[in-house]
Structures are given as C-alpha cells and as structure tokens.
Amino acid sequence: MRADLLAHAIALSEKLPAKSYAINLCQDRYLFIVAFLAVCLRQKISLLPANQTAKTLADLTVNYPDSYILSDDPLNADCYMAYDLLEKSNEPCPLIDTDRPLSISFTSGSTGKPKAIIKTWREFQTSAELALERFELQNQEITLLSTVPMQHMYGLETSFFWVLFSQMTLHNSRPFYPEDIRKTLADLPAEKILVSTPRHLKICSQTQDHWRAIKFILSSTAPMDSRQAQQIEKKLQTPLYELLGSTETLSFASRQASKSNKWQPYATIQLTQEKDHFVVQGGHIIKPLRLDDTFKIHDKDSFSLLGRSADLIKIAGKRASLHELNQQLTSISGIEDGVFFFAKNERLSALVVSKLAKKTIIKHLRQAIDAVFLPRVIYSVFTLPRNNMGKLLKTELEQLIQTQQMLATKQHYRIPAAHPCFAGHFPNNPIVPGVVLLNYVQQQLLAAFPNHRISTLTQAKFLHPLLPEQDFSVSLTQSSTHNIKFTCMRDTETLVTGTFIIATKEEKSHD
C-alpha cells in the first residue's frame, strides 16, 4: 500500500502546476495524502486552511496569489483529485529536503485573527517518532480511525505522519455521527485506536449502544476534566489519553485525565518558566517557543496546565480560570454547551445551550464555584459558534454576545404627534398605523442581527391601539435559529405580538 501511495504521489507531482502554493482541500484521506506528498515532491508548499468557507479561501488566494486549489470536489478545484484519475509512476522517489518549508497551517482564530504556521518534514517526523514512542506504537499493526480533518494539525500529525513512520494502517473514512463511528469501529480488526475530540467523544459516551473493544482513544484540542474522561472510558470501555499541543508546537505531552491532571512531556521535551511566561523546547521544537498558557511545573517529567494566560481572571481579590469555570458549567447534567464571559460591569455572564431553568443552573454552580464567579446574567442560545474541532471562534462569539445583550434589552420609543403617519389617518382621533410599529420592530431586529435580513413576517397580532406621544417598548426573543418573536408594550399592556423569520444575507429566502 505504501508503494502504491508513493507511485501515485510521484505521478501526480509531475502534473501539478508550477505555482508555489497548493491549497489542499481534499476530504478523502487517501487523496489528501497523495496530494500532500505530491506537492512535497514538487518542492512546493501545501496550504492547509482551518476551514473551507468562501471567505477563508478568498483571503488565502489574496495572501498567496501564486496558489491553486487541490480538491476532490470538482466544483471547487483547480486540480481535481479522484481515484479514477490517479496514475502510478515507475520513477524513483526524489530525495526530500527535510528542512525546507513543507506546509503552512493556520490557527483556528479562537483567540483572534488566524496565524500562519510553517512546518518542515523534520519537525513532523521527529514529533511523530516521539509520540509513537510514548504510546508504544512503532511496531504495532493497528488500524487508526479518526474523526479529525486532515487539514487540522492534530489530524495531519496522527492520520499521516504517525501512520507513515509506524506499521499502523489508516482507515480511509471520517465518520461524524456517533452511530457511524461505532459501526465503523465494529467492522475494523481487533487492534484499533480512535482519534477524536472532546465534543465528539462526549456525545459518543451518551449513546445507549454497546461499543466493541478499542485499544485506546486519543483526544486533543481542549483538556477534559476527570469526570468527563471517566465517563467516556466507562462507556467505550477503553483508556482515554489526551495530547497537549497546538498548531505552533505540534503535540508535545500527554496524560490520562481519568487518573491524573498532570501532563508528561515527550522524551527530550523541556518545559521551563522564564519570569512571567513559559517556554517549551527540545525534541522537534528546535528553537525555544514561548507559550500562551500558564503551568505549574512539578518536576522535569510532569506539569499541570492552569489555563491560557488570558483565561486567568481576578474578581474581588479571588482568582480563577475561565477554562475551569467553563468545565464546571458544561459538567451540569442538562447543559449541552456553555461559556463564561466578562460583561460590561466586570462581572461574569454566561451563554448556555440548555433547557434548564436559569435558577437551576445557578443552584448547581453554587456548589462548585465561589459566589463571586457566579454569572450575573445567563443567556440561553441554540448553539455556540464552534469550528469543526469544537473551538470557539472569537469574532463570532463576540457577535453572539452582543446580539444576546441587545435582545435582552427593551428599547423604548415615542412617536410624536407631528409624525407624517398621522396625516389623514383617523382625523381627530389618530392612532399609530400597525405598519409603523412593525417598522420600529424591524429596525431594532436588524440592529441586533447586522449580518441578517428579514425574510418574512409569519404572524402579527394587534391587541390594542397606540396613540401619539405615548411611550412604548419593543422586546425581542429568539425562539429558534431563524425565528424572532417580538412584543410591543405600553406600560404593562401588550400592543402587538408576532414573529419574523430572518436569514443570513447569503442565504436564500425562507418564503
């Protein structure tokens, strides 16, 4: 199989455009690897975007004009990849310069604008060899099943380089739903490992079906608390190991969270503290790299992760980690997802995906966290803006927070008697036309959802008239992703209720 892979890559490399960069969007794992190797053999650089949205791809082509797209989607490919188009070459494999730039990956944008990270073959190979040594996988014939995209650094490391430098076999699929994952694993040989993410594994652990034997599970992208790790191990009946790393560092440490919160660095990796920051070096990390996280170093072979430096907060003289607070929030039974954030009053609020009453959430949190960190306001939302790896995207999260704050605020208005809407409208006994009230609702709605448009008005019920110079308020609630309910009030009297349907400006109408 490896000989076929190399023959396919050599043949493709001879046909690739002469441009400097190849944007590899292949979803099929084998086709991705063939394309990735072919670009390497051509001595060009693979670009691996964090997602495949139109904006991301447009930005890439602007920032890397000497580029083209490799894809197994014929509608989005300059160079189309398909099995029936693969050819084999009998030419010997060219030597690979292990120190030249091999790929450019991009951080998720969870902390702001994505950064471009260059990696070499030597870095990938050294990191893979250290990881394989840690898990004793060098000489084992094991099948690796992954739910992680190949374009993500975690997916690229484990699905390609770990397999390439061992005797493991990569299963060429990317199951998404828990039942698909369970069935795929059940059909594989006895020796297999699952590579996934905390959110995926949490959902898998909530299924009712039986999971057949797995050698072990790997997780990354966000640390788990011990309770969640224990729940996953109990349900899937196998050890769960976590990898610590990033797009900048690759993986460099591991732990079994169900048994210890301490991380063990790979052999030859050192984590040290320099004044108020931490540095990792050794192994595949050739130059000392400053980390954005805060740690407690126990000895040269273990450390604890306290959280991102920006996540450490202080309120009323007390300190906490936003990461730990989020874990306490999402560990509450009945909460699908949630996140704390700072409100304008320098106290914490929270977004939650849950049907639980807010007082119930507060009751559970009181038992787990200090009172000064309890959320002053809890906003119920339908989903949080996470990418395909489960990471929250900073810009989208900030927009969601702003929207929820606006929705929770009643806006007050007064229509003056001189308003032109009263001309000829019930002379001597003017009332505000219903269309004018709806116009105020629309303005407020579009201010709360600036990236949306109004698709249609599905319902409007006029209960009482509004007179000139009378104060009234408009309040909005989001009953589903696209449905916005509105209420117009005069003091305690309801004037109008109804529902608008909204759509993003790129979406087609819901009419």
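The values are calculated or read from the model by the stated rules, or taken from the named source; none is laboratory data. Here the structure is a predicted model, which means the values were calculated and not measured. Cβ coordinates were reconstructed from backbone atoms using ideal geometry, including for glycine residues, and neighbour counts include every protein chain displayed. Accessible surface areas use protein heavy atoms only, side chains included; no ligands, DNA or RNA. Shrake-Rupley method; radii C 1.70, N 1.55, O 1.52, S 1.80 Å.
Would it be correct to say that ALA320 is touching a residue at least 60 places away in the same chain (Cβ under 8 Å), closer than 30 Å to VAL279 by Cβ, among the aliphatic types (A, V, I, L, M) and outside any loop (DSSP other than H, G, I, E, B)? Criteria not met by ALA320. Before we move on, is ILE181 open to solvent by less than 10 Å² (accessible area, probe 1.4 Å), in contact with a Lys or Arg (Cβ under 6 Å, 6 or more places away or on another chain) and either within 16 Å of SER219 (Cα to Cα) or modelled with pLDDT of 95 or more (or both)? Against the criterion (open to solvent by less than 10 Å² (accessible area, probe 1.4 Å), in contact with a Lys or Arg (Cβ under 6 Å, 6 or more places away or on another chain) and either within 16 Å of SER219 (Cα to Cα) or modelled with pLDDT of 95 or more (or both)), ILE181 does not qualify.
Applying the criterion of being assigned to a loop (DSSP other than H, G, I, E, B) and open to solvent by less than 70 Å² (accessible area, probe 1.4 Å) to the residues of the range 380-394, the residue that is farthest from GLY155 (Cα to Cα) is VAL381. Look at ASP99 and say whether it is among the charged types (D, E, K, R), over 29 Å from the mean Cα position of the chain (by Cα), farther than 20 Å from GLN151 by Cβ and open to solvent by 70 Å² or more (accessible area, probe 1.4 Å). In short, yes. Of all residues in the range 373-385, those that are touching a residue at least 12 places away in the same chain (Cβ under 8 Å) have Cβ atoms under 7 Å from Cβ atoms of residues that are crowded, with 17+ Cβ neighbours inside 10 Å and part of a loop (DSSP other than H, G, I, E, B), 6 or more apart or on another chain, in PRO385/LEU393.
Here the condition is being open to solvent by less than 10 Å² (accessible area, probe 1.4 Å) and either polar (S, T, N, Q) or modelled with pLDDT of 95 or more (or both); of SER260, SER254, SER309, it holds for SER254 alone.
With respect to the conditions (1) under 29 Å from ALA343 (Cβ atoms); (2) in contact with a Leu (Cβ under 7 Å, 6 or more places away or on another chain); (3) surrounded by fewer than 16 Cβ atoms within 10 Å (Cβ to Cβ); (4) not polar (S, T, N, Q), LEU407 lacks only one, and its number is (3).
Scanning the range 143-183 for residues that are closer than 20 Å to LYS235 by Cα and touching a His at 6+ places or on another chain (Cβ under 7 Å) returns LEU144, LEU145, THR147. Looking only at the range 208-247, residues that are open to solvent by less than 50 Å² (accessible area, probe 1.4 Å), farther than 19 Å from ILE193 by Cβ and assigned to a loop (DSSP other than H, G, I, E, B) come to 4 in all.
Looking only at the range 287-301, how many residues end up being open to solvent by less than 40 Å² (accessible area, probe 1.4 Å) and over 14 Å from GLN273 (Cβ atoms)? The total comes to 0. Answer yes if at least one residue in the range 343-352 is surrounded by fewer than 17 Cβ atoms within 10 Å (Cβ to Cβ) and either hydroxyl-bearing (Ser, Thr, Tyr) or not in a loop (DSSP other than H, G, I, E, B) (or both), and no otherwise. No: the range 343-352 contains no residue that is surrounded by fewer than 17 Cβ atoms within 10 Å (Cβ to Cβ) and either hydroxyl-bearing (Ser, Thr, Tyr) or not in a loop (DSSP other than H, G, I, E, B) (or both). Each residue in the range 29-81 was checked for being of a type in the set (A, V, I, L, M) and assigned to a helix (DSSP H, G or I), and 14 pass. I'd like the residue in the range 112-142 that is surrounded by 19 or more Cβ atoms within 10 Å (Cβ to Cβ) and among the hydroxyl-bearing types (Ser, Thr, Tyr) and, out of all such residues, is nearest to ASP187 (Cα to Cα). Filtering the range 112-142 for residues that are surrounded by 19 or more Cβ atoms within 10 Å (Cβ to Cβ) and among the hydroxyl-bearing types (Ser, Thr, Tyr), the one nearest to ASP187 (Cα to Cα) comes out as SER127.
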